[in-house]
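Comments concern the structure below.
The values are calculated or read from the model by the stated rules, or taken from the named source; none is laboratory data. Note that the structure is predicted; figures quoted are calculated from it, not measured. For neighbour counting, all protein chains shown are included, and Cβ atoms are generated from backbone atoms with ideal geometry for every residue, glycine included.
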């Protein structure tokens, strides 16, 4: 049987080794791509689909940078996900799912409205249930093929968390941890978002965080802790990580247990990541 071939730049993206074809081409032409000891330096070269590939100097332990966000959240929020069932909302390439599995999660529902984004490594993993072309707002417990989730992550774009939180309650067992990425560019009013979709104003960041905390409490989630993402979003936006807990329907309103001041947190985030978004 003849082995299927694929362009090298496309194969790197499909394997989740690099995010875009443009970045793949640059890495190939820079001489960073190897198969065993052989350097591959032609982006358009057709190679066997199952050849071993590695990018030299690529120390990223996950299939995408997204894994670094969850890695920080698990450490800072001291969340243990050993044997947990993950609902990964906005899975994309699968950085959160990859990080969770490497930290002991039992399985992951990798859910995304997009198609064919999840890294090949995770598609092949029997612990991952792929839920592509799925609009989370319409998901019901019946759509989840295995055990009910007791841990959730949220990394969505072009939609507010206000449309995610109400549905999420119906899909989690009580005492579930949630780690959500707060993206000011998708939460602030249009007049507060600057050129290229970047939010630079610290006050807007504070307002957005306060809004999300208030919303979570109103829906019955405990707000446990908050931090900032260790990396900026695609356009350089500073983003924030929030740790929530869903205790079940018996609790009408949530409790705010966040131990840090929001103003101070925003200041720290801007100092650390100011290159991308602060004044």
query = Could you list, in sequence order, the residues of region 185-210 that are under 27 Å from residue 171 (Cβ atoms) and in contact with a strand residue (DSSP E or B) (Cβ under 9 Å, 6 or more places away or on another chain)?
reply = 208, 209
query = Got at least one residue in region 139-146 being surrounded by 16 or more Cβ atoms within 10 Å (Cβ to Cβ) and not in a loop (DSSP other than H, G, I, E, B)?
reply = no
query = For region 125-138, what are the residues that are assigned to a helix (DSSP H, G or I) and surrounded by 17 or more Cβ atoms within 10 Å (Cβ to Cβ)?
reply = 136
query = helices (runs of 4 or more DSSP H) wholly in region 156-234 with at least 1 residues that are surrounded by fewer than 18 Cβ atoms within 10 Å (Cβ to Cβ) and touching a helix residue (DSSP H, G or I) at 6+ places or on another chain (Cβ under 7 Å) - which ones?
reply = 165-168, 202-218
ask   = Just one of the numbered conditions (1) touching a residue at least 24 places away in the same chain (Cβ under 8 Å); (2) in contact with a strand residue (DSSP E or B) (Cβ under 7 Å, 6 or more places away or on another chain); (3) closer than 22 Å to residue 6 by Cα is not true of residue 42; which one?
value = (2)
inquiry  = Which condition from (1) modelled with pLDDT of 95 or more; (2) more than 20 Å from the chain's Cα centre (by Cα) is the one that residue 243 breaks?
reply    = (2)
ask   = So how many residues does region 1-29 have that are closer than 16 Å to residue 60 by Cβ and free of Cβ contacts under 8 Å to residues at least 12 places away in the same chain?
value = 4
